[in-house]
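The values are calculated or read from the model by the stated rules, or taken from the named source; none is laboratory data. This is a predicted model, so every value here is computed, not measured. So basically every Cβ, Gly included, is an ideal-geometry build from the backbone, and we count neighbours across all protein chains shown. Heavy atoms of the whole protein, side chains included, go into the accessibility calculation; ligands, DNA and RNA do not. Shrake-Rupley method; radii C 1.70, N 1.55, O 1.52, S 1.80 Å.
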Amino acid sequence: MAQVDVGVLRAILNNEELPRRQPIVELHTWKALGTDRLNCTLVDGQNVARGVTQAGSAVQQAIERMGHQPMLLSLQRWTAQETSGTPFMLIQEASVMGPTLNRAQPHELNNLSRRAVSEVPLTQAMNSASDISEAPTQPGPVLADNIYSRPYGAPAVAVAAAPDMGAAVPGSGGILGRAPEVRIASSPSAANSNITPLKMLTAYYGGRWTIKARVLTKSDVRKFNNSRGEGQLFKVDLKDQSGEMSATFFGRAVDKYYNMLKCGQVYTFQKGQVKAANKRYDSGDFVLSFEEHADIKAVEEDTNIPRISYDFKPLCDVANMPPETSVDVKAVVYSVQAPFTFVAKTSNKEMTKREIGLWDPSGSSGHSTMELVLWNERAVGTDFEIGAVVFLKKARISEFNQMKSLGSPAQLELHPDHEDSFLLMRKFKDFQDSGQQLASPSKFSNSSGQRKTIEECKQEDLKLASPGAMMGGGEKGVHKHTVVATLTSMPTDRAPYYSSCPQQVESNAPASRHATMRICNKKVSQRENGEWTCMGGHVSSYPEFRYLCRLNVLDHTDQMEVNLYDDVVKNLLGREARDYMAIFEAAHNGGEGAQPLKEVNQKMEWKKCSLVLRSSKEIWQENERVRYSVDSAQPIPLEQDARQMLGDIMASLEA
């Protein structure tokens, strides 16, 4: 029959030599800590100590099956740790050998799990388990290596001197005026350098640690409200040679590090906190959190740290997966909807939504489709076009009215430089040549995003309904087109801006929405007394200036005159209309002002752009004509344009 190794608990907690590689102890009592850990009383015949099972470990289930009877436990993998001055053992792997018959009474033994500066009953120490998982990160010493818990054959780790454990930390929430502090045995790799592998970090790992990792993905900034007021956060996925872990930045850390952290780059991270993962939102057992005092530095590229990897699933399989599942997808864009802005009823905040149709060559019919939903900055900040290949990392599956869709990808890679990208483009081209049609996934039928030529737009707009006419027979009052065209010269005979009313007025939102305010923006004229007034009767001391210009755009088939408004021109020129006005007037007053105006205009003149056009008929001087307005204009990078042309060439060669 198995025998308890007398005195082994003291040897384990002091990192001394053990009688065998898998010592045996008695487990007398245990208590659940949340849903994934147990707090245990361990006995070795001479000593009693505290043990905590690692989150999600198999030994927890084995102990629970034995019930609350004393049992023998064979320890296989563990670490000696300390929280708030209380030594304990983190049990990572162990096996239950059965009930124990000859057991000692814990109150008659030497209690090893007690405070360093005062005697504390074991029950009190065991009830302070929250000190472990909730303890803020504090500097902690490194203990001697455990020769039985490290990998077989690994070199020993030197013992580091421990600092004064009795020193008080001002403002700390720990018992006896000291900050909760965690100590853990060091691994060989951590001892030989200052870098801690991600897989070594657990909720019990405190003290000073530094990780070196690559940023794989970065989310948008999310605002939230709770009992403490407004807050903000964003998430990243980190990867090093040992594995991956998610990290969340809160509060001022968002302002400090959001723009600094770039996907694909390597950084060192310090002064963070390790917490148990929320299985609903996070993968893995633990996550990191960083506040404003975090210390993050960019470092040189490390080729030993893997880059982002995908585990692609075909769309036909995604359709059968449960909602809230995260999945990697590679697909071709077959439908692009214009961004749609609305006011949310619950929060009364303006939100922007965009729907993208995805296609891949999977399924019994030879192809599958699914909708990708993007929100806010991603909805307007990405230039999608028909035929573009997209790789999605950790896209979340949603379901509405029994229809699956994808959304909130952790990473979106458009036009990836990968052999799968060209293969998908060729297969999509073959599908188009086959003559099969795909229905747009959007509920907004007037927002088709398929690329057209200017000639095709004009032909389609012959079917536009006349102003004030009853629409029927397939007629629409407004058409939307996506066109790739070149912007010509800015007008020089008239100012491409106007003076507008800056007064706040109530918006024309539907009655179902809450009342919101907007700027009047009507054209103003100046009175003799110097005041400015608009047709709405608003009076202001000085106007605002907004862009409004008309110019020609052209492609290889035709040209057309379009109207560009404030947001579009401001995005293209990169400056406010007020600043442009000063440059424009200086150029028309003679002198040396012409050259600065020319340099500013060159930022948008003769640029190839992807334009979203809105067309409608109007009556002008008793004649009916089609009016074209530009809703958005995104310059096309030369690399992206070259990839598109290369894909077309390769597809034609395969034909």
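With the other protein chains left in place, how much accessible area per residue, in square angstrom, belongs to the range 506-617 at a 1.4 angstrom probe? It would help to have the intermediate numbers written out before the result.
Details: 6650 Å² over 112 residues.
It amounts to 59 Å² per residue over the range 506-617.
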*Would you mind computing the Rg to Rh ratio of the range 311-421 from its alpha-carbon coordinates, Kirkwood style for Rh?*
0.97
_What do you get for chymotrypsin sites (Phe, Trp or Tyr not before Pro) in the range 606-655 restricted to DSSP loop and a cutoff of at most 12 other Cβ within 10 Å of the site's Cβ?_
606
*Multiply the residue gap between residue 504 and residue 642 by 0.36 nm, knock off their C-alpha separation, and tell me the result in nm, one decimal place.*
45.1 nm
*Considering only Cα-Cα distances, which of the following residue pairs are longer than 26 Å: 239/394; 239/313; 212/393; 313/349; 427/607; 404/570?*
313/349; 427/607; 404/570
_Once the cut-off is 19 Å, how many percent of the Cα-Cα pairs in the range 30-89 end up in the long-distance tail?_
27
*asked:* As an exercise, take the mean of 1/r over every pair of distinct alpha carbons in the range 217-277, invert it, and state the Kirkwood radius in angstroms.
replied: 12.8
_Computed FRET value (nearest 0.05) for residue 297 with residue 195, which takes r as the C-beta separation and R₀ as 22 Å_ = 0.95
*Go through the range 215-261 and name the trypsin sites (Lys or Arg not before Pro) that are in a DSSP coil and have 15 or fewer other Cβ atoms within 10 Å of their Cβ.*
228
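If you build the convex hull over the alpha carbons only and average its shadow over all orientations, what do you get for the range 549-631? Give it in nm² to one decimal.
Values: hull surface 28.2 nm².
Projected over every direction and averaged, the Cα hull of the range 549-631 covers 7.1 nm².
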